[in-house]
Every structure is written in structure tokens, then in C-alpha cells.
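All remarks here apply to the structure that follows.
The values are calculated or read from the model by the stated rules, or taken from the named source; none is laboratory data. These figures come from a predicted structure and were not determined experimentally. Backbone-built Cβ (ideal geometry, glycine too); neighbour counts: all protein chains shown. Each accessible area value is taken on the protein alone, full model and side chains, heavy atoms only, with ligands, DNA and RNA left out. Shrake-Rupley method; radii C 1.70, N 1.55, O 1.52, S 1.80 Å.
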Amino acid sequence: MDLTERKVSEEKIFDGVVLHVRKDTVTLPNGNLATREYIKHNGAVCVIPVTDDGEIVLERQYRYPIGRVVTEIPAGKLELGEDPLEAAKRELWEETGYIPGKMTFIGEYIGSPALLEERVQMYLATDLTLGECHLDEDEFLEVFTMPLEEAVEKVMNNEFADAKTQLCILKAYKILKG
């Protein structure tokens, strides 16, 4: 069965710096028309950095839309046409100061496919060298480390709210510990 919906028309509702809201008319598999409202986004990257000592590098950052500080792995949006691997290395360096000796692609995360077009490319960074971070002028965060095993426990105890962070911690644990 073909489940594909085909775009008939697109209406731009809002064009912001990061988000672009669209309202499309689509043809459904049965031939009927329907409306799809969604947010276009260039995509993003995230990195789970693991030190030689088995610690992961995390950051605490205030997230305005939810009104609280959240513990996350380093991440950031892609610029239009930017290579995800290079963006992941850049975000890791800018936010934490770490430079990876090895980067491994560990998957793609789509957080809310019914509403948001954003795709997050996930990477595992190892063989880390610590340098100096270079935060954007509007970026305020606290960087710290935690044993990978402790982070897995925190995921399982619902202590990390951020889904990409949860997923990358569990993937890194499975990859590194079997």
C-alpha cells in the first residue's frame, strides 16, 4: 500500500531566523485533500563526547521555551548546506573546548515528525583533546563530566528530560560497552 501524501500547494505562514511555518494542502492516498501544518528547519547535530576515562561531557543550559535549565549533550543547528560532521565537530569545540580524534555517526533523530521537519544527526566523539571553548555571545552554559554508567542510570530514572541526550547516552553505552 502506498501511504505517500503528495503536496498540492504550500503557504508560508511565518519565516523566522530558525523556524519557518508552512501550511500545505496534500493529496492523501485515497485521493482526498487534507491540510498539513508544520515547521521547516535546516536540521541540527548533536554529539556525545566520551573521554578516555569513560566520562561523558554534558552541559547545563537554560531553555526558554520550557522555562528551566536542562542537562544536554553538545548540539546545534545546521547552517544551510553545512556538512553535519563538520558542524558536529564545530559545536563540540565551541561549546566544550574538546577536539575529537574520532567521530562516529550513530544515527538520525526525528523528534516530532508530525509537526517538525528537523532531523538531528547524532555523533559519538572519542579520543578527545581538551582545549578552550568558544561560546557564541548569546550562549550561556555550564560544562561538566559524568561517568557513562551514571548517565545511563539517570536516563533510566527519568532524570534527563532531553530526548536526544537520552538516546545518545543509551547508544553510546551499547556501542562502547556492548
Estimated vicinal HN-Hα couplings, Hz - region 122-134 in sequence order (Karplus 6.51, -1.76, 1.60; Gly, Pro = x): 9, 10, 9, 10, 9, 6, 7, 10, 8, x, 9, 7, 9
Lysine pair number, Cα distance threshold 17 Å (strictly under), region 1-158, separation 8 or more or different chains: 8
Size of charge dipole - the chain - debye, nearest 20, with Cβ of Lys, Arg +1 and Asp, Glu -1, no other charges: 800
Region 38-105: C-alpha gyration tensor shape, a/c 1.5 cut-off, then a/b vs b/c: oblate
Global geometry of region 77-178, whether rounded, prolate or oblate, following the gyration tensor of its Cα atoms and the 1.5 cut on a/c: rounded
Compactness relative to 2.2 N^0.38 Å, alpha carbon Rg of the chain: 1.17
Long-range amide H partners of residue 123 with built H, under 5 Å: 46, 47, 48, 106
Signed unit charges on C-beta, dipole axis of region 1-123, positive-most listed residue 50, 38, 121: 38
Summed side-chain charge close to residue 15 - residues other than residue 15 whose Cβ falls under 11 Å, Lys, Arg +1, Asp, Glu -1: +3
Sulfur and carbon atoms: percent of accessible area, region 41-147 [1.4 Å]: 51
Shape call, region 112-152: gyration tensor on alpha carbons, a/c limit 1.5: oblate
Semi-axis lengths, Å, region 1-63, gyration tensor of Cα atoms, sqrt of 5 times eigenvalues: 39, 18, 8
Whole-Hz ³J(HN,Hα) from phi, Karplus 6.51 cos²θ - 1.76 cosθ + 1.60, for region 107-114, glycine and proline x: x, 10, 10, 10, x, 8, x, 7
C-alpha center-to-center spacing [region 1-71, region 129-172] in angstrom: 21
Per residue accessible area in Å² of the chain, where ligands, DNA and RNA are left out and the probe is 1.4 Å: 59
